[in-house]
Amino acid sequence: MEKDARPSWDNPTQFVLACVSYAVGLGNVWRFPYLCQSHGGGGFLIPYLLMLVLEGVPLFYLELAIGQKMRSGSIRAWSNISPYLGGLGLASVVTSLYLCLYYNIINAWSFWYLFHSFQSVLPWSVCPINSNRTGPIEECEKASSTQYFFYRETLNISPTIEENGGIHMGQALCFVLAWLITYLFVVRGVKSTGKVVYFTATFPYVVLVIYLIRGITLHGAANGIKYMFTPKMEELANISTWINAATQIFFSLGLGFGSLVAFASYNQYNNNFERQAIIVSFINSGTSIFASIVTFAIYGFKATVNYENCLERTRVLLMNTFDLAEDSISMDNVFDWIEKLNATHPLQFAQIADKYDDCNLESELDTAVEGTGLAFIVYSEAIKNMPLSQLWSVLYFIMLLLLGMGSMLGNVTAIITPLRDFKMLSHMSNELFNGLVCLFCMLLGLGFTTPPGNYWFTMFNDYGATFSLLFIVLIEVITVSYIYGIRRFEKDIEDMIGHRPNWYWKTMWVVVSPVLLIALFIFYIINYTMGGTPTYQAWDKELGKSVVTEYPVFGQVFIGLLLVSSVSCVPLTALYVFCRKRKHGSRRKPELVSMVSA
Amino acid sequence: MLEKIILLLCCSCAVAQHLCTPDASDGYKVRLSIKTALEGQAYEWNENEMFLFRATLAFAMRNHIREQKFEVSNIIVCNETPRVSFWFVVTSPESTSVLIGKEDVEEAVRKSRNRINSAFLLTDKTLEFIGILPTLAAPVDPDTPPWLIVFGVVMGIVGAGIILLLVSSVVQKKRKNEMTDDEENCEETRVKTVENGSVGEGVYNMSFSDDERFTQM
């Protein structure tokens, strides 16, 4: 009777697309370009590709192998490998839970921006007028219209993490919508996810190509691309370049969450995942590089526009202060005029010195941003200057949504699959169980739509998954290589795909990856302990910019809880299993003796 | 006699000029950016344009203070620069040595700002009265914010999709239950395999694994 046979992908392509959709996410768009720029442009590709080969592909292969062999979610899979290591799967589930809680808020913001793009004037392109109708709102003038729209109208952010407020209704609505769509995608488990990934994996590339064409034809794009790709080889001597390359590969592939184990568990037993692992890893890195070309074309455009606006402002200021004829100063000779006027009218020049800001193309390009700042502030600033900005805005936010939703599929599957392996939960229907999980995550995640929500989001983003994942994957690779035994693992793989993994894979699993991971782990610990009190960027309304603020005590305690709660699953479960075995062991011994003697 | 008249005129002119100075307490600075506004079709700023300005301002003053009849001569202009900026003051029609107060001038300009702008084909940004802030257009406030409409559409589609999927799975289950009821009646004698929940393969039994420590002979 095949009634309760494990559901599976309709064909291997669905599996590959699911992995691509999961791995290619927002990090490819908003973290890699930043790293590329801060670590020497084109030169960063060397440590990046090296790390891909040394740790990315082997660890990806490892997780897929475990999932496909054990044909169950992460908790049961790791318990099968060693009964004491069921906690490893549990740690993955806890980390995935944290990720699910906060990740969908990004999709909510994307929805908010998408819906606001359907207006004749994009709301983040102009400052709203104040109540007296004499000028723009002060906060908006001090910052910029795009920053104001993000911090005030989208988030309604509080000055610090301590202050509270009601839920932002528009945000909450978009958040509920994001969860409803997530539910729609996973409602039937693999059957529904498998169909959705055809779209979520491929359409972002369509948008990226369109943006590439638009981007390189923009005025000033060449400045950005040239700036990014000029390799600064001296950065390779800096240890943090290599560490950042290693962590980027690691997090970008989504290792340790259990999603890959879950996806692979739905494969046919003899699926050739070796080839698929290599394909997906390289697609992921290729997308990062591709996305950064697009990002830097856009950067170059934005920097050039800002630089030219700065020149224009300076020109008008000079003309008005010194009452020169309108066409006497042009954009090209602004700097010559500055020198001339400084020499001839030093006193008057000194008076306007505070109003006059230095226009520098280099410094505009240098303002490297990552994360939500890049995606929602810098990009929307660039988009508002493009002709037909509504169209570009809609396209861009649809792309962000697809990338985010694709990753959410993996995140939710990583929670659902292991939990369904438990007997008591497997009797529930797919739809009900998935609905309960989504509802639970949604209700908890509503906290991120309150005024301090963005600060909690940053906290979760920085601490919720980073450290625990390193720990989890380190234990994973040591378990497979030493506790389970590399020989046994080889035989399992031969059983599945017909040939043993060659010397490259074995060397990586046994030696190179563990060493790299231990190095990363130690580095993170040193960073946390030496870094002093953890801080965050709080938005100051009066100044119109972010200021570095320390976390209050309850914030630090919460960070500690986040770190400890997932990591501690491993030793606690091992202890629990050990105690249970001892209890059962003392009961079973007489039975064994009787069996042997019979 | 003639000399006296000329002297009087010169004196009054001088007095009048004396009233208009940069940073005068009752005066305003005006700045025009004709080339920025009109680019190719910019006109030359000359005496006639200045006359038009003074006439427009007199019109604005008349509109504001209805009882007094302001003339072009009541608007005194000084300190013209190549930028096309200058200062002006407004004298009272009853006595040329008395200036109209700052607030009245500001009110007058505010009321007729649109007319003054259109006389010169300029806007609030390109014809600036330094110190008189333009009243910005009221923001258009629709009853339903447009984003809510798009949201409603998307939410409706998603909701419909979910309901459709749930209903179809319930219908499928009912059909399967009917079919399995028929099958179960025929299969009561078959031995049912022990099922381990949703995991089809069972637990990996390590005691029978290929542990090479023990099998190397």
#### Entry: Members of region A:94-134 that become less accessible by 40 Å² or more once partner protein chains are added (1.4 angstrom probe, chain alone as reference)
A:Phe115, A:Ile129, A:Arg133, A:Thr134
### Task
For n ≥ 4 DSSP H runs only, could you compute -39500 (n - 2.57) per run for chain A, divide by its residues and tell me the 222 nm figure to the nearest 500?
-21500 deg cm²/dmol
### Summary
Scalar couplings 3J(HN,Hα) for region B:154-162 by Karplus 6.51 cos²θ - 1.76 cosθ + 1.60 (θ = phi - 60°), nearest whole Hz, x for Gly and Pro, are 5, 4, x, 5, 5, x, 4, x, 5
### Message
Roughly how far apart, in whole Å, are the Cα centres of region A:357-387 and region A:209-252?
### Response
15 Å
### Message
Just to be sure I understand the model, the point goes 7 Å from the Cα along the line to the Cβ. What's the resulting B:Ile130 to A:Ser546 distance in nm?
### Response
3.9 nm
### Task
With a 1.4 Å probe and all protein chains in place, put B:Val167, B:Val84 in order of accessible area, largest first.
B:Val167, B:Val84
### Residue-span extension gain [A:Leu439 to A:Ile486] - 0.36 nm each, minus C-alpha spacing
12.8 nm
### Query
Within 10 Å of each Cβ of A:318-327, how many other protein chain Cβ atoms are there on average?
5
### Message
At R0 = 45 Å, how high is the FRET efficiency between A:Phe521 and B:Met179 if r is their beta carbon distance? Nearest 0.05 is fine.
### Response
0.25
### Task
List the relative contact order of chain A as a percent without decimals, with contacts defined as Cα pairs under 8 Å and 6+ residues apart.
32 percent
### Query
How many nm separate the modelled label positions at B:Ala138 and B:Ala160, each set 7 Å beyond the Cα in the direction of the Cβ?
3.8 nm
### Task
With a 1.4 Å probe and all protein chains in place, put A:Tyr504, A:Tyr484 in order of accessible area, largest first.
A:Tyr504, A:Tyr484
### Task
Kindly sort A:Ser82, A:Ser363 by accessible area of their heavy atoms, largest first, with the probe set to 1.4 Å.
A:Ser363, A:Ser82
### Query
Quick one: helix A:466-478 against the long Cα principal axis of chain A, what's the angle to the nearest 10°, folded into 0 to 90?
30 degrees
### Query
Among A:233-239, A:410-416, B:126-132, what's the highest-first ranking by average C-beta atoms within 10 angstrom per residue?
A:410-416, B:126-132, A:233-239
### Query
Along the charge dipole of region B:86-175, Cβ charges K/R +1 and D/E -1, which of B:Val140, B:Asn117, B:Ser168 sits furthest on the positive end?
B:Ser168
### Message
Rounded to the nearest percent, how much of the accessible area of the protein assembly as shown (1.4 Å probe, protein heavy atoms only) is carbon and sulfur?
### Response
62 percent
### Task
Compute the long axis of helix A:513-530 from its Cα atoms, compare it with the longest principal axis of the Cα atoms of chain A, and write down the angle in degrees, 0 to 90, nearest 10.
50 degrees
### Message
What do you get for the angle between helix A:12-23 and the principal long axis of chain A? Use alpha-carbon atoms, 0 to 90 degrees, nearest ten.
### Response
50 degrees
### Query
What pairs in A:Lys423/A:Lys581; A:Lys191/A:Lys581; A:Lys226/A:Lys340; A:Lys541/B:Lys35 have C-alpha atoms more than 31 Å from each other?
A:Lys191/A:Lys581; A:Lys226/A:Lys340; A:Lys541/B:Lys35
### Query
Kirkwood hydrodynamic radius for region B:15-130: how many Å is it when counted over pairs of different Cα atoms?
14.3 Å
### Task
Only counting protein heavy atoms at a 1.4 Å probe, give the residues of region B:140-185, ordered by number, whose accessible area falls by 20 Å² or more when the other protein chains are present relative to the chain alone.
B:Pro146, B:Trp147, B:Val150, B:Phe151, B:Val154, B:Met155, B:Val158, B:Ile162, B:Leu165, B:Leu166, B:Ser169, B:Lys173
#### Entry: Computed E for A:Ala222/A:Phe118 - FRET, C-beta separation, R0 30 angstrom, nearest 0.05
0.40
### Task
Multiply the residue gap between A:Phe282 and A:Ser38 by 0.36 nm, knock off their C-alpha separation, and tell me the result in nm, one decimal place.
85.6 nm
## Note on the structure
Per residue, accessible area of region A:113-246 with a 1.4 Å probe, heavy atoms of protein chains only, in Å², comes to 44 Å²
### Query
Can you give the accessible area of A:Asp357 in Å² (nearest 10), computed on protein heavy atoms with a 1.4 Å probe?
70 Å²
### Message
To the nearest hundred square angstrom, how large is the accessible surface buried between A and B, total for both chains, probe 1.4 angstrom?
### Response
4300 Å²
### Task
Determine the distance separating the Cα centre of region B:101-177 from the Cα centre of region A:64-107; give it in Å without decimals.
46 Å
### Query
Excluding ligands and nucleic acids, what accessible area in Å² is computed for A:Phe578 using a 1.4 Å probe, to the nearest 10?
100 Å²
#### Entry: Span per principal axis, largest first, for the Cα atoms of the protein assembly as shown (Å)
153, 63, 48
### Projected label distance in nm at A:Tyr356 and B:Arg115, using a 7 Å step from Cα toward the beta-carbon
4.1 nm
### Summary
Note on region A:229-347: contact order normalised by length, alpha-carbon pairs under 8 Å, 6 or more apart, percent, works out to 14 percent
### Task
Take the Cβ-Cβ distance between B:Tyr43 and B:Val153 as r, set R0 to 51 Å, and report the resulting FRET efficiency rounded to the nearest 0.05.
0.50
### Query
Cα to Cα, under 16 Å, and not fewer than 8 places away if on the same chain: which lysines meet these conditions relative to A:Lys506?
A:Lys491
### Query
Heavy-atom accessible area of A:Arg6 with all protein chains present, probe 1.4 Å, nearest 10 Å²?
30 Å²
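The values are calculated or read from the model by the stated rules, or taken from the named source; none is laboratory data. Small disclaimer: the values here were computed from a predicted structure and weren't measured. All Cβ positions, even for glycine, are placed from backbone atoms using ideal geometry, and neighbour counts span all protein chains on display. These area figures cover heavy atoms from the full protein model, side chains too; ligands, DNA and RNA do not enter into them. Shrake-Rupley method; radii C 1.70, N 1.55, O 1.52, S 1.80 Å.
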